[in-house]
Amino acid sequence: MTNDSRRQDRISSAERWSQAGGNGDFDSFYAENRDQIARALSLSLRNPDLGAEAADEAFVRACQRWPEVATFANPQGWVYRVGMNWARSWLRRTRREREKRALIVKEEMAEDPIVDVDLERAMATLTPGHRTVVVARFFMGWSIQETAEALGLRPGTVKSRLSRALKQLAGELEDSSSGMEVPKPKEDFDES
Amino acid sequence: MSLDDEVRKHLRDTGEQVALTPGIVDAVRIRAATRLRRRRRLLTGVGFLAGVALVGGSLAVVLPGSNENSGKVDLVAQQEASDETQDLVVESSDVSEASGNPSYETIPATAEESVSQSDNVRSLSTAPWVELEGPVVGATTEYAYSGDTIVARVASEWFVRDESSWRQIEIPDSIDVIAVDLGVGEEYLRVAGWVGDDRCSRELAIKVKTGLEWQSVAVPNQLPPGLVSSITSARLRVTDHERVLSLIEQIDVDPLCLLQTMGVDAVEAEIEDGLIYATDRKAGRVIYSLDQLASPEVAAFAESGPVMRSLLLRSTDENKWSSTPLTDLKVTELGVVDGLVMAEDSEYTVHDGQRLKRDEVIPPGATLLIDALVTPSGTSMLYARDGKVWHKGNLGEQEIKSVSDQSVTWGRLGRIFAEVSIVAETQQGQVLLVAGG
């Protein structure tokens, strides 16, 4: 599915939820988006368990405010952002414990042979803020404007983060093909 | 391939490999509803406190000499507000002051409390009935009348209807509840359910709360090894003399449980053509003959497939239970009449304190009396006519439909405090209807 067609589907879904209103439509929204958003959060956070937890938390909040959330242009974006914010708060709250146990980054995603290991390692070097933008743009298929709205950033910030992220990925891939040592993955989610 | 496309493909591939547990929308709704209720109660508490402080302040101005009294008011107010802000689950646990022995009320209550329809109601096309929202808006809900109120089940959570809102019932985590009896109030809550996580070895039990203590009575499993029960609906009544449980269950062969009874610890197993194909933790893939492992009864079940059945279990002695198969595949309602637990049947409707012969109260022209309830203000009846379900009471006769105009297929009358209400079965599930006035 192309980004355009995916976007078109999403827009029509948002219109449908918004027009239909009522609580019953939350079920459709949840059924259609829960897995996609949980995967996006897992990729952004590089932790499937935390991603799923963040998605569940964000959907609970969406359910509580559904009549309002349903009217948003991009309800998925709202849920994604709430999930990221919740995960960041959780990571901040538990940082001391995690430092003791050093458990945050799971490398299990990179173990599967069909995944591009070099690219996965390169993705891991991105800052969380850059990775969040990359996932929103390339996994969720949102435009610059939609990504900006979903993450509460200026479009210019999204563009510059995306540009820097891609530049860094290209550099990392070049380094890995030339046998240079791969830097340690970025793990600090305290960055906004 | 450009780097953009490479990243896109990589994220898609990686994302697809993220193992997710299935999302359950009802669980999301329960969490959302619980938080909402908690917040409302907190706000109510704070509002109440502010209101009392305001009144207290005014009194202090009007009656400058009454400082001692206004101090008392504030103290009480703070205590009440503090109580209001307690967590919902904790709220119902304050039973240590309950006194006296439980006794069954067998006469319809004449309490003057009425169901508030100020919130959570939707107008029906067939006024004067309105549909009351369940405790978790939009979630599949099953209702059962119990005592002078109604309980609602959403997934594994149970709620009781207060005068104008739903409140979660505090139930021990150790039991997966299938039925609740609130006949003598929450301080003597009685529940029936499964104890234990293992589907093969879990036990059906009845737990009775007295004060803060829970006492448990096991309901013996009457199924041969290898057969397991999944209870879809149940009713429970417990008196000082008797425990009665009516239920609908699906009986099926579970090959893992069957193997477990033979000492085989399999991780997966399926039955096909009289053989059990199992994966043993130690031996790997193993094939067993069903005839050699299972009793003829179990083997017959495996051949014919799952069976639904309706059952009435009674006990006047903890160790002695009787089991009566019922013909109807609707859950059998129970009522306490003259101190005895009575089960409804095709001839009689039963509610607490009343047992009515269907033929004697059925309205002219009706083909079937579904339910009847005598209240101090008259008799309320639910019956079938022309393939539709009708209600007749003080306000005349109306066809019963849900708010979305779905046809009602069955129903049950009951009281929420003193008001008559209807649990109506539709193709989409149950809805709760209350008088709209």
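Among what's in region B:333-350 and is under 23 Å from the mean Cα position of the chain (by Cα), open to solvent by 20 Å² or more (accessible area, probe 1.4 Å) and not charged (D, E, K, R), pick the residue that is nearest to B:Y143 (Cα to Cα).
So the residue we want is B:A343.
Does region A:51-61 hold any residues that are open to solvent by 10 Å² or more (accessible area, probe 1.4 Å) and more than 9 Å from chain B (Cβ to nearest Cβ), and which are they?
Listed by number, the list holds a single entry, A:E53.
Under 7 Å between Cβ atoms, which residue pairs at least 6 apart in sequence (or on different chains) link something in region B:2-18 that is within 7 Å of chain A (Cβ to nearest Cβ) with a partner that is of a type in the set (K, R)?
Here the result reads B:G15/A:R39; B:V18/A:R39, each pair linking region B:2-18 to a residue that is of a type in the set (K, R).
Going through region A:62-73 one residue at a time, which ones are more than 9 Å from every other protein chain (Cβ to nearest Cβ) and in a helix (DSSP H, G or I)?
A:P67, A:E68, A:V69
When you check B:V238 against the structure, is it touching a residue at least 24 places away in the same chain (Cβ under 8 Å), buried (at least 21 other Cβ atoms within 10 Å of the Cβ) and either closer than 25 Å to B:S216 by Cα or aromatic (F, W, Y) (or both), yes or no? Before you say what the answer is, go through the steps one by one.
Values: touching a residue at least 24 places away in the same chain (Cβ under 8 Å): yes; buried (at least 21 other Cβ atoms within 10 Å of the Cβ): yes; either closer than 25 Å to B:S216 by Cα or aromatic (F, W, Y) (or both): yes.
Criteria met by B:V238.
Taking into account only those residues within region B:22-41 that are small (G, A, S) and either under 17 Å from the mean Cα position of the chain (by Cα) or part of a helix (DSSP H, G or I) (or both), which is surrounded by the fewest Cβ atoms within 10 Å (Cβ to Cβ)?
Kept after step one, since they are small (G, A, S), are these residues of region B:22-41: B:23, B:27, B:32-33.
Applying the additional criterion that residues be either under 17 Å from the mean Cα position of the chain (by Cα) or part of a helix (DSSP H, G or I) (or both) yields B:27, B:32-33.
Numbers: B:A27: 18, B:A32: 23, B:A33: 24.
Ranking the candidates gives B:A27 first.
Only residues that are under 20 Å from A:A40 (Cβ atoms) and buried (at least 21 other Cβ atoms within 10 Å of the Cβ): list them for region A:154-177, please.
A:V158, A:R161, A:A165, A:L169 - these are the residues of region A:154-177 that are under 20 Å from A:A40 (Cβ atoms) and buried (at least 21 other Cβ atoms within 10 Å of the Cβ).
Being of a type in the set (A, V, I, L, M) and open to solvent by less than 20 Å² (accessible area, probe 1.4 Å) is the requirement here; does B:V298 meet it?
yes
A:I144 versus (1) open to solvent by 30 Å² or more (accessible area, probe 1.4 Å); (2) within 11 Å of another protein chain (Cβ to nearest Cβ); (3) of a type outside the set (K, R): which is the lone unmet condition?
The single condition A:I144 does not satisfy is (2).
Say we look at region B:353-405 and pick out the residues that are buried (at least 18 other Cβ atoms within 10 Å of the Cβ) and touching a helix residue (DSSP H, G or I) at 6+ places or on another chain (Cβ under 8 Å); which of these is nearest to B:G147 (Cα to Cα)?
Filtering region B:353-405 for residues that are buried (at least 18 other Cβ atoms within 10 Å of the Cβ) and touching a helix residue (DSSP H, G or I) at 6+ places or on another chain (Cβ under 8 Å), the one nearest to B:G147 (Cα to Cα) comes out as B:A372.
Given the condition within 19 Å of the chain's Cα centre (by Cα) and of a type in the set (G, A, S), answer yes or no: does some residue in region B:190-197 qualify?
Taking region B:190-197 as the starting set, the residues that turn out to be within 19 Å of the chain's Cα centre (by Cα) are B:190-195.
After this cut, where a residue has to be of a type in the set (G, A, S) as well, the list is B:192-193.
Yes - at least one qualifying residue is present in region B:190-197.
Here are the criteria: (1) modelled with pLDDT under 90; (2) within 23 Å of B:E249 (Cβ to Cβ). Tell me which single one B:A152 does not satisfy.
(1)
The values are calculated or read from the model by the stated rules, or taken from the named source; none is laboratory data. Keep in mind the model is a prediction, meaning the values are calculated, not measured. Cβ: placed from backbone, ideal geometry, glycine included. Neighbour counts: every protein chain shown. In case anyone asks, the SASA skips ligands and DNA or RNA and just uses the protein heavy atoms, side chains included. Shrake-Rupley method; radii C 1.70, N 1.55, O 1.52, S 1.80 Å.
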